[in-house]
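In what follows, a structure is listed as structure tokens, so that the remarks can point back to it.
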Amino acid sequence: MSEQFLDCVGVPEFFVTHIGAIEDAGSGMVRTIRCIKRSGVLIPIVSCVVPAMAMLEAQAIIRAIAKKSACGDSIAH
């Protein structure tokens, strides 16, 4: 099975380095606040609200992709 990539033309992309907060957003949803650090201070860049179950289901693939990326074995686009 070949990998398929989503067409992300025009989709905003943000550079973040830290998770500033993870909180219960209610109704089975979880909010993550993604940040960058400037002069030792976390600056919020984007907030994402995701179904909690989706986060649990994605955990394994996120770990696998992060491990490949950290080891220099990722696909750059």
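The values are calculated or read from the model by the stated rules, or taken from the named source; none is laboratory data. All values derive from a computational prediction rather than experimental measurement. Cβ: placed from backbone, ideal geometry, glycine included. Neighbour counts: every protein chain shown.
General remarks:
- Flag if residue 30 is surrounded by fewer than 12 Cβ atoms within 10 Å (Cβ to Cβ), of a type outside the set (Ser, Thr, Tyr) and modelled with pLDDT of 90 or more: no
- Exactly one residue out of 64, 52, 25, 58 is at pLDDT 95 or above, under 16 Å from the mean Cα position of the chain (by Cα) and on the phi < 0 side of the Ramachandran plot, and it is 52.
- When each of 66, 21 is tested for being of a type in the set (A, V, I, L, M) and part of a helix (DSSP H, G or I), the lone residue that passes is 66.
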